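Have a look at this one.
The values are calculated or read from the model by the stated rules, or taken from the named source; none is laboratory data. Predicted model, so just to flag it, every value in this text is computed and none were measured. Virtual Cβ from ideal backbone geometry, glycine too; neighbours counted across all protein chains shown. Only protein heavy atoms, including side chains, enter the accessible area calculation; ligands, DNA and RNA are left aside. Shrake-Rupley method; radii C 1.70, N 1.55, O 1.52, S 1.80 Å.
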Amino acid sequence: MKIVGYEMAEAGKPVRRAVRPERPLQREEVLVSVAGCGVCHTDVGFLYDGVRTRRAPPLILGHEISGRVVDAGADAAAWIGRAVVVPAVLPCRACDLCRAGRPTICRRQIMPGNDCDGGFATQVILPGRDLCPVPGSDGNADAPLGSAPGLTLRHLAVVADAVSTAYQAVARSGLEAGDLAIVIGLGGVGGYAAQIAADRGASVVGLDVDPARLAEAASLRAGLALDPRTLPGRDLKARIAEHARSAGAPETRWTILECSGTAAGEKTAWGLLVPGASLMVVGFTLDNVELRLANLMAFDARAVGNWGCAPELYPEILDKVLSGKIDIVSHTELRPLAKIEAALEDVRNRRAGRRLVLTPGEEEDS
């Protein structure tokens with residue numbers, strides 16, 4: 001077994017090519033041949049922004065993984081040969097938190113590219129639990145899947161985090177048909193949050209500062225797209241309320257999904273609180289934001305953080321992707337894993353118009 005990947009040797013430095021020595025699999029482990037691994041802003045945060053990984057470098061990053069199980073320990077042998085999506089957060093399933101139904105805050109959870117080597121590699125060794133099998137796939141990374149044109153196992157890498165995190169955030173918000181959903185940041189996670197909210201029958205408003213993303217908002221099923229910089233706080237809220245009235249949505253109980261991971265986005269989200277609002281904090285930033293917490297009391301509103309997605313939600317998410325109810329192909333760009341440095345720089349500088357998925361090839365075998 002030869003695992004070739006690109007590791008973070010130390011924070012602040014570019015990734016470097018690495019070869020991991022062969023080792024026997026533990027009874028509960030699987031070896032996944034990587035079809036694709038998505039590039040997330042979290043990876044950039046680890047590499048350049050001072051966010052610490054739980055396992056110290058050197059470490060192969062990458063937590064959005066799809067692929068085929070090619071080997072396994074004795075307790076996980078049933079997975080061999082199956083195409084899978086690897087949840088970005090793998091809970092232990094044995095602790096009090098897991099037994100209480102809170103797997104995403106399990107203190108013994110494993111996140112690829114954080115607690116162990118991740119998917120920016122040809123193969124990855126992981127716990128053989130809570131993997132999500134891909135119906136209709138024989139493991140061929142380039143074979144068509146489902147009813148969505150152009151969909152392959154490689155594209156499904158984004159289900160591991162970008163799609164699933166958005167899905168859990170929307171589900172936990174309590175959003176219902178006829179409600180108003182405001183998505184701040186229409187990038188990787190936010191774009192899927194908009195689609196998922198619309199799929200639930202909500203009216204969707206998308207906010208972003210990127211003209212290209214605003215131009216594509218309709219393809220994400222947003223009925224209104226605005227640049228919040230062009231409208232002072234009260235005017236922005238009034239414009240959204242006007243849209244809510246025209247769409248037949250209430251002017252209370254708005255669901256606000258902060259997906260930008262920026263201080264400006266968080267301030268905008270806070271300014272949009274209305275009576276009964278639910279603010280879902282999905283994006284991450286190290287920047288500090290000054291807020292008046294009493295607004296939660298005054299509006300009888302709530303603010304909820306969302307970390308990852310419970311593995312039990314993945315089959316229903318995957319069903320929506322395979323049926324085309326959630327479009328990932330139009331919002332994903334496949335690139336060779338060997339071009340990882342350029343991909344990371346594009347994500348770091350917000351030049352990537354789509355979610356980037358890195359795909360291993362012959363370059364890593366040479």
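With a 1.4 Å probe and every protein chain kept in, tell me what percent of the accessible surface of the chain is carbon plus sulfur. Mind showing how you got there, number by number?
Details: 7740 of 15540 Å².
The value for the chain is 50 percent carbon and sulfur by accessible area.
Output needed for the chain: three equivalent-ellipsoid semi-axes, defined as square roots of 5 times the C-alpha gyration tensor eigenvalues, in descending order, whole Å.
Values: eigenvalues 246, 85, 80 Å².
So the three semi-axes of the chain are 35, 21, 20 Å.
Can you give me the long-range amide H partners of Ile256? Hydrogens built in the peptide plane at 1.01 Å from N, cutoff under 5 Å, separation of 5 or more residues or another chain.
Excluding prolines and chain starts, which carry no amide H, the hits are Ile182, Ser278, Leu279, Met280.
Could you provide, to the nearest whole Å², the per residue accessible area of the chain with probe 1.4 Å?
Numbers: 15540 Å² over 366 residues.
In whole numbers, the chain has 42 Å² accessible per residue.
Applying the Karplus parametrisation 6.51 cos²θ - 1.76 cosθ + 1.60 with θ = phi - 60° to the phi angles of the range 83-98, what ³J(HN,Hα) value in whole Hz is obtained for each residue in order, glycine and proline being reported as x?
Going residue by residue, I get 7, 9, 9, 9, x, 5, 10, 10, x, 6, 6, 10, 7, 4, 5, 5 Hz, with x marking Gly and Pro.
Based on alpha-carbon positions alone, could you give the equivalent ellipsoid semi-axes of the range 307-366 from the gyration tensor, as √(5λ), descending, whole Å? Don't skip to the answer; put the middle values down first.
Numbers: eigenvalues 135, 48, 32 Å².
Gyration-tensor ellipsoid for the range 307-366: 26, 15, 13 Å.
If you take the beta carbon distance between Ser147 and Asp210 as r and set R0 to 25 Å, what does 1/(1 + (r/R0)^6) give as a FRET efficiency, to the nearest 0.05?
0.25
Separate question: Select from Asn114, Tyr6, Ala18 the residue farthest towards the positive end of the dipole of the chain; place +1 on Cβ of Lys and Arg, -1 on Cβ of Asp and Glu, and compute about the Cα centre.
Asn114
What list of ³J(HN,Hα) couplings, whole Hz, do you get for the range 337-354 from phi and the Karplus terms 6.51, -1.76, 1.60, once you set θ to phi - 60° and write x for glycine and proline?
4, 4, 9, 4, 4, 5, 5, 4, 5, 5, 5, 4, 9, 6, 9, 7, x, 10
Can you tell me which lysines have their Cα less than 23 Å from the Cα of Lys2? Leave out same-chain residues fewer than eight positions away.
Lys339
Right, something else. I need the shape label for the range 246-298. Rule: rounded when a/c is under 1.5, else prolate if a/b > b/c, else oblate, with a, b, c from the alpha carbon gyration tensor. Please list the in-between numbers first.
Details: a/c = 2.68, a/b = 1.54, b/c = 1.74.
Verdict is oblate for the range 246-298.
Next up: Report the extension gain between Glu22 and Asp49 in nm, rounded to one decimal, defined as 0.36 nm multiplied by the number of residues separating them, less their alpha carbon distance.
On the way: separation 27, 0.36 × 27 = 9.72 nm, distance 3.18 nm.
The span from Glu22 to Asp49 would gain 6.5 nm if fully extended.
Right, next: Given the peptides 314-325, 138-149, arrange them by the average over their residues of other C-beta atoms within 10 Å, most packed first.
Working: 314-325: 17.4, 138-149: 14.8.
Highest to lowest by the protection proxy: 314-325, 138-149.
Still on this model: In 5 Å bins starting at 0, how do the alpha-carbon pair distances of the range 226-343 split up by percent?
Going from the shortest bin to the longest, the percentages are 2, 9, 13, 16, 18, 16, 13, 8, 4, 2, 0.
Within the range 1-59, which trypsin sites (Lys or Arg not before Pro) sit in a loop by DSSP and count at most 16 neighbouring Cβ atoms inside 10 Å?
Working: sites: Lys2, Arg16, Arg17, Arg27, Arg52, Arg54, Arg55; in loops: Lys2, Arg27, Arg52, Arg54, Arg55.
Passing both the DSSP loop test and the Cβ count: Lys2, Arg27, Arg52, Arg54, Arg55.
Provide, as a two-decimal number, the C-alpha radius of gyration of the range 1-126 over 2.2 N^0.38 Å, N being how many residues it has. Kindly include the intermediate steps, with their values, before the conclusion.
Numbers: Rg = 14.6 Å, N = 126, 2.2 N^0.38 = 13.8 Å.
Cα-based Rg divided by the globular estimate yields 1.05.
Say we join alpha carbon atoms closer than 10 Å with springs in a Gaussian network model of the chain; which of Leu90, Leu291, Leu356 then has the biggest fluctuation?
Leu291
Taking the Cα centre of each part, how many Å lie between the range 18-89 and the range 254-317?
So the separation of the two Cα centres works out to 29 Å.
With a 1.4 Å probe and all protein chains kept in place, how do Glu22, Glu64, Glu341 rank by accessible area, largest first? Spell out each step's value before the answer.
Values: Glu22 135, Glu64 0, Glu341 105 Å².
The ranking, largest first, comes out as Glu22, Glu341, Glu64.
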